[in-house]
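Okay, structure first, notes after.
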Amino acid sequence: MNESRFLMTPEAALRLTERLARVKSVSQFDQPGEPQASTLAHSLTDLEKSFREILETQLPRLTDESLSPDQLNDVLLDIGEELRHVLYHIKDPKFFDYLIERDADGS
């Protein structure tokens, strides 16, 4: 994976954090010591990395016809782990709570 192709460089993430801090629908979820602008920018940065890993590394591996069934299974498990990481970064920022279905008890 080519790190130089990332849109969310540390500098870009910092600028985004500063801009998101001025967005009411983001800052309304701030807690003492836990600004949601920072959480959201971090999540978006990690989401980009996971999406690139899936698109640039894992999916091309699936098209390798020389892989055995066991190797294909390993690739699928690797994709699953990236998707687990994606889910974490969807659930972490409060801004995206509307995407998560919750039971009546909040879980």
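The values are calculated or read from the model by the stated rules, or taken from the named source; none is laboratory data. All values reported here derive from a predicted model rather than from experimental measurement. Quick reminder, even Gly has a Cβ in these numbers, built from the backbone with ideal geometry, and neighbours come from all protein chains shown.
Against the numbered list (1) among the hydrophobic types (A, V, I, L, M, F, W, C); (2) surrounded by 13 or more Cβ atoms within 10 Å (Cβ to Cβ); (3) within 12 Å of the chain's Cα centre (by Cα), Leu67 comes up short only at (3). Using the structure shown, decide if His89 is modelled with pLDDT of 95 or more, under 27 Å from Thr9 (Cα atoms), of a type outside the set (Lys, Arg) and in contact with a Leu (Cβ under 7 Å, 6 or more places away or on another chain). It is true that His89 is modelled with pLDDT of 95 or more, under 27 Å from Thr9 (Cα atoms), of a type outside the set (Lys, Arg) and in contact with a Leu (Cβ under 7 Å, 6 or more places away or on another chain).
All conditions but one from (1) farther than 20 Å from Phe6 by Cα; (2) free of Cβ contacts under 8 Å to residues at least 12 places away in the same chain apply to Leu55; the one that does not is (1). Restricting to segment 7-34, and then to whatever is under 13 Å from Pro93 (Cα atoms) and touching a residue at least 40 places away in the same chain (Cβ under 8 Å), can you tell me which residue is surrounded by the fewest Cβ atoms within 10 Å (Cβ to Cβ)? Only one residue tops the list, namely Ser25. Of the residues making up segment 65-99, those that are outside any helix (DSSP H, G or I), of a type outside the set (A, V, I, L, M) and touching a helix residue (DSSP H, G or I) at 6+ places or on another chain (Cβ under 8 Å) are Asp92, Pro93.
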